[in-house]
Structure formats: C-alpha cells, structure tokens
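In what follows, a single structure is set out as structure tokens and then discussed.
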Amino acid sequence: MIGAVDIGATKVLIGVADASGRLLEGRWRRMPTPEQPAELVEAISHLLPELAGGHPVAAIGCAVPGPLDAERATVLSFHNRQWQDLPLRDLLVEATQSPVRLEDDATAAALGEALVGAGAGHDPVAYLTISSGVGAGLVVNGQPLRGANGLAGEVGHLVLDQDGPLCGCGRRGDIEAYAGGHSLARLARAAGVMLADGTGRVTTPQDLFDAAAAGDHGARQIVDSAQRAIAHALAVLMATFDPSRIVVGGGIALAQPQWIDAATAMARELCHAESAAQTEVLPALLGDLSALTGAGLLAVGRAPGRAEQAS
C-alpha cells in the first residue's frame, strides 16, 4: 500500500493507493486542517494504517502548501496556520516509519492531472488552482518543472496593483488577493455584501457568487475583479509556458465554470494570439483529488519528489 496526503488551508485529504500510485476507490478521508502541526502528524500516522487495512504503508507522498526548502525537506511558511520552517518530512518519517516525499500542492495536482487526469496524453501541461489561494504547477515530459529555486508556478503572488487589497502573504494587490477564497470572503465582508436572500452578510465565496448572480452591485464588482486577476494568471501561463493544456481546479474554479470560461476568453485577449489560441483550458478531471492523486504518484516514483527520506 502507498500513502497519499494532501494538506490544504482548510482541509486535509488522506488516502491509500496501489503499487502504481493509483488511489483506491473509497479509501480516502477528509478532515479539517488542524491548528497545530503535531495534531496533523498524529492524524496522518493513525489514519493511514486504518485505510490500508493493516497492510504496511511502503511509502508516503505528501502535497503541502507554501514554499518548500528541498534540501531540508521543510515547509518554509504556511500563512493560513502561521507555521514556519516546519520539518514535515522528518516528523512524518518518525511517526510512520515510512519513506516520505514532499511536493508543493499545486505541483502535485499538476502531476496528477498531467499523468492520469485532464492533461493525460498532452505535453506540456499547466495546472491552475483557485481555492483558498491561487497557484500553479507545471509538468514537462511527465516531470514537474520547479525552476532554479523551486518556485516555478507562483503566479498567485504576481502583483497586479501595489495599492490593491492585502494578501495573506503580506503583499498587496497580487492575484491571490483578488481571487483566492480567503480574499474573496474578506473583501465581501469589508464591503458589507448581503446574502442573495437578504438574511445576512456574505461569509463564503459561494455566497459571494450567488449574490453577484442575484444582481448585488458590490458582489459583482468583487467577482469581476477576481475574474480579471484569474485572466492574468492564465495569460501568464499561456505566454510564458505555451502549454498544450491548462487544467483548472480548486473548489472555487470547479464550482464556477462559466466564470472560468469568461476569464479564459479575457486571457486570450491579453497575450499573443497564436499561443493563446493553441492552448486548451479544461476543468480538472480528478476534481478535489488532483493533488492527492499526484501525491500517490510521487510516492511510487512516477516522478521525483522534492524531498525524500527513508525510515
């Protein structure tokens, strides 16, 4: 059995895969992201053996948020939980006695979609996630493209307006500050946007989109600004990476397909006509399981992880 873990801002997915790295149907669980790293490690170490049905877990792939230090196998920062310099690989190895590979969550999702999802059979493939945050992963020849400093695909923190709204990373006016789930909810609260049925104030991105669809002017402005930000993210990927396919995933993107279609049309107008016309933009075939699937593939060596240590 192979262990797969996807750590997100609000949820953690834990599952098991077969020897090829394919997730086993129904053999995964969802839980809220714990407040403390020790709680996270304990949950993973207890749930994986249960999901494996008592079989040994030969290796674990783990998709993590935030930038990684590959040499130290350390999560440098996780803004939503204020975790800094977290030696996650070593903690998991100690708790599970299994080899562990870590990967950036967007890159893991890109790998899952490129190998067995919406990008299968295409090359290169880019993956754009729009959920609590905004990020991208890149896959070339079936291998993750990480860049010289391991930061390739960080389009979510590309600044569009230095006087724009504050992002969780501490910068202003980047793409995530306009279009990430936490940012959308924060902007809606600040603007006092009301629920579509008028019973209270908007607190979630879905509430915001519902209010915009119902004609709320303030909600419409926030949604339109987010759409323009996502159009810039797509245009950056089209213009600089020239992918065969861009796969778009994450909870917000998958729940708002027409919004993504409109952002895609806008993106095609922002970059070179030929490259934009050739790039297909498709929703994630694996849905919420893109990064978890990629983590399983990493664990069995379908692509090299950024950091690995045997027990």
* Report, by residue number, each residue of segment 217-236 that is basic (Lys, Arg) and either outside the structural domain of ALA126 (by TED's automatic domain parsing) or in contact (Cβ under 8 Å) with a residue 24 or more places away in the chain (or both). => ARG228
* Working only within segment 211-226, note down all residues that are in a helix (DSSP H, G or I) and surrounded by 18 or more Cβ atoms within 10 Å (Cβ to Cβ). => ALA211, ALA212, GLY218, ALA219, ILE222, VAL223, SER225, ALA226
* To do: Report yes if ALA188 is surrounded by 24 or more Cβ atoms within 10 Å (Cβ to Cβ), over 16 Å from ALA253 (Cβ atoms) and in contact (Cβ under 8 Å) with a residue 12 or more places away in the chain, otherwise no.
  => yes
* To do: Among the residues of segment 17-48, write down those that are buried (at least 22 other Cβ atoms within 10 Å of the Cβ), without any contact (Cβ under 8 Å) to a residue 60 or more places away in the chain and more than 30 Å from THR204 (Cα to Cα).
  => LEU48
* Taking ARG30, is it out of contact with any Pro (no Cβ under 8 Å at 6 or more places or on another chain) and within 20 Å of THR107 (Cβ to Cβ)? -> no
* Asked: Which one is modelled with the highest pLDDT among residues in segment 282-311 that are surrounded by 24 or more Cβ atoms within 10 Å (Cβ to Cβ) and part of a loop (DSSP other than H, G, I, E, B)?
  -> ALA284
* Hits in segment 13-33 - residues which are more than 15 Å from LEU297 (Cβ to Cβ) and out of contact with any Lys or Arg (no Cβ under 8 Å at 6 or more places or on another chain) -> GLU25, GLY26, ARG27, ARG29
* Are any residues in segment 237-267 more than 15 Å from ILE130 (Cα to Cα), in contact (Cβ under 8 Å) with a residue 40 or more places away in the chain and assigned to a helix (DSSP H, G or I), and if so, which ones? -> MET238, PHE241
* Which condition number does HIS182 fail, the rest of (1) at pLDDT below 95; (2) within 21 Å of ASP104 (Cα to Cα); (3) out of contact with any Ser or Thr (no Cβ under 6 Å at 6 or more places or on another chain) being met? -> (3)
* To do: Report yes if some residue within segment 194-203 is crowded, with 16+ Cβ neighbours inside 10 Å and either under 16 Å from GLN258 (Cβ atoms) or outside the structural domain of GLY135 (by TED's automatic domain parsing) (or both); otherwise report no.
  => no
* Within segment 57-72, can you find the residues that are touching a Ser or Thr at 6+ places or on another chain (Cβ under 8 Å) and either over 22 Å from GLY137 (Cα atoms) or exposed (fewer than 14 other Cβ atoms within 10 Å of the Cβ) (or both)? -> VAL57, ALA58, ALA59
* To do: Identify, from the list THR240, THR279, THR264, the residue that is closer than 30 Å to HIS122 by Cβ, surrounded by fewer than 17 Cβ atoms within 10 Å (Cβ to Cβ), among the β-branched types (Val, Ile, Thr) and in the same structural domain as ALA136 (by TED's automatic domain parsing).
  => THR240
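The values are calculated or read from the model by the stated rules, or taken from the named source; none is laboratory data. What you see is a predicted model; the values in this text were computed from it and never measured. Ideal geometry is used to build each Cβ from the backbone, glycine not excepted, and the neighbour counts take in all protein chains shown.
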